[in-house]
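Working notes, beginning with the structure itself.
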Amino acid sequence: MSSRDLILARVRRALADVPRDDTPYDQAFERGYLREHGGRSVEQTVDLLAENLADYRALVHRCADEELSDVLMRLLAQRGSKSVLVPPALPAYWLKAVDATRVHDRAASTPDELDRVDSVVTACAVAIAETGTIVLDGGPDQGRRRITLVPDHHICVVRVPDQVVSSVPQALERLDPARPLTWISGPSATSDIELDRVEGVHGPRTLEVVLVSGA
Amino acid sequence: MSGGTFVGMPSFPKAAHEAVHNQTLRGNLRHATHTIRAKRANAVAEMSDWAELREAGKQIKDHTLRHLDWYLVQLEESVTAAGGTVHWAADADEANRIVTYLVKATGESEVVKVKSMATQEIGLNEALEAEGIHAYETDLAELIVQLGKDRPSHILVPAIHRNRGEIRDIFASEMSEWGRPAPEGLTDTPAELAEAARLHLREKFLRAKVGVSGANFMVAETGTLVVVESEGNGRMCLTLPETLISVVGIEKIVPTWQDLEVFLQTLPRSSTAERMNPYTSTWTGTTDEDGPGTFHLVLIDNGRTDTLADEVGRQALSCIRCSACLNVCPVYERAGGHAYGSVYPGPIGAILSPQLRGTASEIDASLPYASSLCGACYDVCPVAIDIPEVLVHLRERVVEGGAVTRDGAKVVLKPAKGHAAERAAMRAARWAFSHPGALRTGQRLASRTRRFHPRTLPGPGKAWSATRALPTVPAEPFRDWWQRTHGGKDEK
């Protein structure tokens, strides 16, 4: 007998006491919890996102669409970034004012090459206000998972209010499980020393989020 | 965890006896658990629907366990359809053989690891090392444990028993043996320690070809695996290597993608008291040119189906490894994690280890007693596991013996040795309570001789009564008083 069949047979024997239950999955239990917490206007939801991002040490900036390229230029210049990773379909005008050398997200790049790049700029798939989370789904304006991981500085642009949802349940509805997802809530951190949170371990130690309106 | 082992552990009271006399350990644990307790309470208080989320989490897990065979097959199909390969391991040895074989097939002799309870449980690092494969732990706390040749003492923060000064010393003396040495003049500020770990592990991440992980959740419907983490070491291991091997217990399934909406709200708040942890990764099989091109899922039983066979004890399989029960437990706070003799310490460990491993060893037979039954663990559990109920159930099993399932087969346990006095007392009580005449005579005799009763217990009871007053026997048994006064009516 294969281990697969062995384990499945053990599971069935273990459940011998459980009465046969044909209740369909969607009626099997009660989802008595809320779809979102509290009632907020669209503006208030965006404000809450900004507040919660900042609470976990992300640097939050807000601007109109036409100011975006200047803001990105300023953020990269302030950081002194000489090179910036660019996902394949990042809107070209976002970086039109930026001087830093563009490094394109290519399958052939080695992790060492990525490690030498100063910054990365991406869009996102959705942002969650209640938790201060941005979610990347590897779309063409976000690139492969590793480009937002290896460089030490990540700038993520969120189109508000379209890409902002209130809650985790609402975010999951918008996301496609078939895509590889990365949920990011603030810069890399750890609670491993005396159960106290410290920012800055393996992921980008600086996370900047630009909330852009009117895009 | 090199060096450390749980084999041949003494019983909990013996191990805890040493731990409670270690002042540094007591101080470290007290500081850490008290820090997180207040924070968790605040994070939970933000959610007006916490009770409903908790109930939904419990019901989803309960439903999944009751249909586990069906969901396992569905998961296998969906992972396979998404480009992954599923392996099944009945026990730890088989899981270790499978992973060793998969690593060898890549031609590599080192792997990077994301923190995983399942691989700790099966002793994967030691099994790989015996075959000449080095496993590097990349979670900060696991790194501290590995470098210190120590054992984990907490589910979430395995190095919780170490304070910053001890961590500094371990880094300064041990890092050079494993790779990049700690920076000169390293101090004990947490930020500097985190920086030292970043530098030390960077080279390992960048050259790694094989990653090994566990998973917090597996979605049967979609074949998606979820890893919840903080540092980014998980993302490194899940995305940079060419081959990813995930070792996951069969109970980690949730039916649908939507079910994650419950646990992604309750787990971070229960665990690190955050609204959301810094990084959560989800992946479904393999994705072209993004992340590992080869994905293996190793599903392990290793005592889980035996646990599932116990009608009371099976709820332990609902655990999502948040560790909230450890952080509130008065026994854990004082005894520390090592005394539990298992990778699963604290209240959840006290019900999980004796079920996964059986109660044959001294440590496993003693674990159901490693509790004051105060119930704080049940109150904070985000999936409402009634830990005190299972503890009492397991105590009964240890004392009385009875039918259990081991390695898939029904066996009858003999009553444990050393509980003879307890059993005799219970038998005597049963006899007395079922013979009213004898009970009455005994009670009257006790009342009349009350002047001669000792104030302390003799023999083994002496230590107990040294700090406690024995209850005094009333001058008249309650039932006689009731008869005489008609329940107090005549005494007005």
| said: Could you tell me how many of the residues in the stretch A:14-41 are facing another protein chain (nearest Cβ under 7 Å) and either surrounded by 13 or more Cβ atoms within 10 Å (Cβ to Cβ) or among the basic types (Lys, Arg) (or both)? | reply: 10
| said: Quick check on this structure: which one of B:ARG321, B:ARG334 is under 14 Å from the mean Cα position of the chain (by Cα), away from every other protein chain (no Cβ under 14 Å) and of a type in the set (D, E, K, R)? | reply: B:ARG321
| said: Return the residues of the stretch B:355-388 that are under 23 Å from B:ILE320 (Cβ atoms), in contact (Cβ under 8 Å) with a residue 60 or more places away in the chain and of a type in the set (Gly, Ala, Ser); say none if nothing qualifies. | reply: B:ALA370, B:ALA384
| request: Please enumerate the residues belonging to the stretch B:23-56 that are surrounded by 15 or more Cβ atoms within 10 Å (Cβ to Cβ), more than 8 Å from chain A (Cβ to nearest Cβ) and among the hydrophobic types (A, V, I, L, M, F, W, C). | output: B:LEU25, B:LEU29, B:ALA43, B:VAL44, B:TRP50
| task | Report the residue count in the stretch B:212-270 for those that are among the β-branched types (Val, Ile, Thr) and over 20 Å from A:ASP26 (Cα atoms). | result | 11
| Taking A:VAL158, is it more than 7 Å from chain B (Cβ to nearest Cβ), aliphatic (A, V, I, L, M) and not in a loop (DSSP other than H, G, I, E, B)? | yes
| request: Would you point out the residue of the stretch B:109-131, among those that are within 14 Å of chain A (Cβ to nearest Cβ) and part of a loop (DSSP other than H, G, I, E, B), that is farthest from B:LYS204 (Cα to Cα)? | output: B:LYS115
| task | Check off (1) of a type in the set (S, T, N, Q); (2) at the interface with chain A (Cβ under 8 Å from one of its Cβ atoms); (3) closer than 30 Å to A:ARG197 by Cα for B:GLN59 and give me the number that stays unchecked. | result | (3)
| said: I'd like the residue in the stretch B:132-159 that is assigned to a loop (DSSP other than H, G, I, E, B), touching a Ser or Thr at 6+ places or on another chain (Cβ under 6 Å) and hydrophobic (A, V, I, L, M, F, W, C) and, out of all such residues, is farthest from the other protein chains (Cβ to nearest Cβ). | reply: B:ILE133
| strands (runs of 3 or more DSSP E) contained in the stretch A:164-215 and holding at least 1 residues modelled with pLDDT of 95 or more and at the interface with another protein chain (Cβ under 8 Å from one of its Cβ atoms) | A:181-184
| message | Can you tell me how many residues within the stretch A:73-97 are within 21 Å of A:ASP115 (Cα to Cα) and touching a residue at least 60 places away in the same chain (Cβ under 8 Å)? | response | 6
| field | Positions within the stretch A:178-194 being surrounded by fewer than 22 Cβ atoms within 10 Å (Cβ to Cβ) and either touching a helix residue (DSSP H, G or I) at 6+ places or on another chain (Cβ under 6 Å) or aromatic (Phe, Trp, Tyr) (or both), in sequence order | value | A:GLU194
| message | Which count do you get for residues in the stretch B:456-492 that are part of a loop (DSSP other than H, G, I, E, B) and in contact with a Ser or Thr (Cβ under 8 Å, 6 or more places away or on another chain)? | response | 8
| query | Can we say B:VAL226 is more than 7 Å from every other protein chain (Cβ to nearest Cβ), of a type in the set (A, V, I, L, M, F, W, C) and more than 21 Å from B:GLU77 (Cβ to Cβ)? | reply | no
| message | over 17 Å from A:THR182 (Cβ atoms), within 14 Å of chain B (Cβ to nearest Cβ) and out of contact with any Lys or Arg (no Cβ under 6 Å at 6 or more places or on another chain): is that true of A:ALA107 in this structure? | response | yes
| Counting only residues that are β-branched (Val, Ile, Thr) and part of a loop (DSSP other than H, G, I, E, B), which one in the stretch A:10-36 is modelled with the lowest pLDDT? | A:THR23
| said: Let me confirm something: among B:THR187, B:THR224, which residue is in the same structural domain as B:GLU166 (by TED's automatic domain parsing) and surrounded by fewer than 21 Cβ atoms within 10 Å (Cβ to Cβ)? | reply: B:THR187
| request: Please work out which one of (1) surrounded by 24 or more Cβ atoms within 10 Å (Cβ to Cβ); (2) over 25 Å from A:ALA54 (Cα atoms); (3) more than 9 Å from chain A (Cβ to nearest Cβ) is the condition B:LEU240 fails and give its number. | output: (3)
| Mind checking which pairs have a first residue in the stretch B:63-79 that is not assigned by TED's automatic domain parsing to the domain that holds B:ALA316 and a second that is of a type in the set (Gly, Ala, Ser) and assigned to a helix (DSSP H, G or I), Cβ under 8 Å, 6 or more apart or different chains? | B:LEU65/B:SER318
| the stretch B:123-140, residues that are surrounded by 24 or more Cβ atoms within 10 Å (Cβ to Cβ) and under 27 Å from B:ASP91 (Cβ atoms) | B:LEU124, B:GLU137, B:THR138, B:ASP139
| task | Identify all residues within the stretch A:126-154 that are crowded, with 23+ Cβ neighbours inside 10 Å, out of contact with any His (no Cβ under 9 Å at 6 or more places or on another chain) and farther than 16 Å from A:ARG106 by Cβ; write none if there are none. | result | A:ALA127, A:ILE128, A:ALA129, A:THR131, A:GLY132, A:THR133, A:ILE134, A:VAL135, A:LEU136, A:HIS154
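The values are calculated or read from the model by the stated rules, or taken from the named source; none is laboratory data. Computed from a predicted structure; not experimentally measured. All Cβ positions, even for glycine, are placed from backbone atoms using ideal geometry, and neighbour counts span all protein chains on display.
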